[in-house]
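None of the figures in this text is laboratory data; all of them are computed from the coordinates on show. Bear in mind the structure is a predicted one, so any value in this text is a computation, not a measurement. So basically every Cβ, Gly included, is an ideal-geometry build from the backbone, and we count neighbours across all protein chains shown.
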Amino acid sequence: MDAVAARWRAAGGEVVAPREATHEQLARVHDIHYIQRISELRERAVALDPDTYTSPESYEIALLSAGAAIDAVERVMSSSHVSALAMVRPPGHHAEPAHAMGFCLFNNVASAAAHARHALGAKRVAIVDYDVHHGNGTQHMFERDPSVLYISTHQYPYYPGTGAVDEIGTGPGEGFTVNLPLESGGTDADFEQVFDRVALPVLRQFAPDLILVSAGFDAHQRDPLATMRATEAGFAAMTMALRKVADDCCRGRLALVTEGGYDLKALDASLEAVVQTLAGPAAAAKWPSAMAPSNRGRVSADAAVRALKGYWKVQ
């Protein structure tokens with residue numbers, strides 16, 4: 001991440017240091033007692049779950065991660081056709097309202113979405129999550145809220161076990177959760193199918209004031225924590241497709257927040273591809289054609305169309 005930021009700065013781009021999120025900002029999506037409990041772990045090493053540990057500086061770094069996502073949203077909401085990328089660790093989309101999970105302490109993208117809704121005047125916020133793992137925390141925080149659309153592509157069945165296609169939200173939020181689970185081995189062509197048939201049409205019908213992206217790169221074919229076969233060119237295509245929707249629907253208001261990505265070469269290449277996609281001219285998404293499509297994307301899209309019938313025009 002530092003190398004990508006340095007290359008961007010050398011090319012004349014702006015790189016901004018984050019500021020800490022406040023407890024008030026976090027409390028829009030997290031239980032206040034949970035926030036207090038995490039704050040009490042500063043300067044300690046503690047196991048919060050089988051995958052999630054703190055070190056002495058984890059609390060402060062987690063505040064900066066959430067704060068970077070919030071700052072990115074403030075920047076894009078205050079300008080027209082400006083996008084932002086918050087390159088953060090720890091990730092956030094597994095963090096639930098009252099407990100840590102999957103390397104995540106605070107839910108960065110959810111905190112940013114809630115800030116946009118409650119402090120920046122956004123009436124509708126869309127979150128698109130292309131991390132290889134389902135964002136259980138983000139889904140649960142907004143599954144009853146029709147003002148926040150959550151769309152996730154992810155390997156399934158896989159950690160954390162959530163994200164089935166029939167999880168579409170509850171109560172007034174029914175239909176505003178869109179899960180696009182893909183079987184192991186999915187390629188860029190499979191992501192293209194679920195994007196073109198479901199994710200992008202739903203986004204356009206929702207007409208958000210802001211699009212947020214949980215930009216995880218662990219669906220990359222080199223990543224050790226999953227078994228998908230996406231490439232950096234595929235992540236660039238997904239990002240360009242979302243940029244085009246943002247240009248058409250919400251004056252280009254697009255903010256990406258990093259999530260997973262555990263092969264350093266793949267992470268560097270994917271981040272660089274996304275940065276160049278955001279910096280260059282807007283264009284139609286150029287999906288790579290090196291890998292032949294499997295039936296994984298078709299199966300996922302077909303199932304989502306059935307699950308969302310009556311909520312969105314998808315086919």
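Data for the structure
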item	result
Some residue of region 162-173 being out of contact with any strand residue (DSSP E or B) (no Cβ under 6 Å at 6 or more places or on another chain) and within 21 Å of LEU210 (Cα to Cα)	yes
Residue within region 213-227 that is buried (at least 24 other Cβ atoms within 10 Å of the Cβ), over 14 Å from the mean Cα position of the chain (by Cα) and part of a loop (DSSP other than H, G, I, E, B) present	no
Considering residues of region 270-289 that are closer than 12 Å to ALA237 by Cβ and part of a loop (DSSP other than H, G, I, E, B) only, the residue farthest from the chain's Cα centre (by Cα)	SER289
Selected residue (criterion: surrounded by the most Cβ atoms within 10 Å (Cβ to Cβ)) from residues of region 237-254 that are among the aliphatic types (A, V, I, L, M) and in contact with a Lys or Arg (Cβ under 8 Å, 6 or more places away or on another chain)	LEU254
Among the candidates VAL198, VAL148, VAL132, residue that is among the hydrophobic types (A, V, I, L, M, F, W, C), in contact with a strand residue (DSSP E or B) (Cβ under 8 Å, 6 or more places away or on another chain) and within 18 Å of LYS309 (Cβ to Cβ)	VAL198
From GLY161, GLY169, residue being without any contact (Cβ under 8 Å) to a residue 60 or more places away in the chain, surrounded by fewer than 24 Cβ atoms within 10 Å (Cβ to Cβ), in contact with an Asp or Glu (Cβ under 6 Å, 6 or more places away or on another chain) and not in a helix (DSSP H, G or I)	GLY169
